[in-house]
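Written out below as structure tokens is the structure these notes cover.
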Amino acid sequence: TLSTGGSFDYIRRQLEIEAEEAVIDSPFDYYNQACLCIPKDDRGSQPNNPAYDDYVSEMVLEIVDLAQGRTFVLFTSKKSLQAVSSKLRDRIEQKGYPVFVQGDMPRQALLREFKQSGNAVLMGLDSFWEGVDVPGDALSCVVLAKLPFPVPEDPVMEARETLWRAQGLNPFTHYSLPIATLKLKQGFGRLIRSKADRGAVVILDTRLLTRQYGASILKSL
């Protein structure tokens, strides 16, 4: 989980440690248990466009129908979560699928209600990208709305970038890309939680197909 591109360079550099290393394969048969889908839609290559939330909403509505609920929709910003959930909640619930949105109730309560419903849609933020376990049919699809790059305006991020540039390092290559890669692996990992699970992960951000760094992320995934 901590490797990017088959290497531990990033985590070793962040922790400033030297250690013996080994990349251990997953116990799950992803090639037969999971399907990775990336829509070939031009709108998906412009995640900073104001219309991107409309694109996400349209795709999520279609995906929920195909999956018969049973879906996590994971966002990287609260603003997008609120925009999409307010647009879709009533429309999805009219189809008979309960909708749970992070902020409605405590995280564990959301998770419990999602599992018990069996055909629900849960829309969440950072804390649902990792450390969440829903084995079985209740979760059969994970939608990742956007590649999880860190926010460049974050003051800590800005300070780190200044330091890295002084050290001759490229902040995107040495920090933003590994962070996004690791978090994407975590988000993908919400789907398959047992050797009997089956399902699909849909990544709506088509920069995975159109940008040069996309190949690096897909290789790690």
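The values are calculated or read from the model by the stated rules, or taken from the named source; none is laboratory data. As the structure is a prediction and not an experimental result, all values here were calculated from the model. Cβ sites come from the backbone with ideal geometry, for glycine too, and all protein chains shown count toward neighbours. Ligands, DNA and RNA are excluded from the accessible area calculation, which covers all protein heavy atoms including side chains. Shrake-Rupley method; radii C 1.70, N 1.55, O 1.52, S 1.80 Å.
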Report task. Take the Cβ-Cβ distance between GLN167 and GLN108 as r, set R0 to 41 Å, and report the resulting FRET efficiency rounded to the nearest 0.05. Result -> 0.50
Report summary line: Among the range 170-206, those whose backbone N falls under 20 Å of a label point 7 Å along Cα→Cβ from GLN212 are 170-181, 206
Query raised in the report: The list (i) 30, 21, 16; (ii) 26, 22, 18; (iii) 46, 18, 13 gives values of semi-axes √(5λ) of the Cα gyration tensor in Å, and only one came from this structure; which label was calculated from it?
Result: (i)
Report task. Please give the length that would be gained between ASP54 and ASP137 if that part of the chain were fully extended, namely 0.36 nm times their separation in residues minus their C-alpha to C-alpha distance (nm, one decimal). Result -> 27.1 nm
**Report entry** Dipole in debye (nearest 20) - the range 21-165, about Cα centre, beta carbon charges: Lys, Arg +1; Asp, Glu -1
**Finding:** 340 debye
**Report entry** 222 nm mean residue ellipticity, helices alone, for the chain (DSSP H n ≥ 4; -39,500 (n - 2.57); rounded to 500)
**Finding:** -12500 deg cm²/dmol
Report task. Evaluate the distance, in nm, between pseudo-label points positioned 7 Å from the Cα of GLN68 and of LEU221 along their respective Cα→Cβ axes. Result -> 2.6 nm
Query raised in the report: With every protein chain present, what is the per residue accessible area of the chain (1.4 Å probe, Å²)?
Result: 53 Å²
Report summary line: Stretched fully, the stretch from GLU21 through GLU93 gains (0.36 nm per residue minus C-alpha distance, one decimal, in nm) 21.2 nm
Report summary line: Cα-Cα longer than 18 Å, checked against LYS40/LYS183; LYS115/LYS183; LYS79/LYS146, kept in input order, equals LYS40/LYS183; LYS115/LYS183
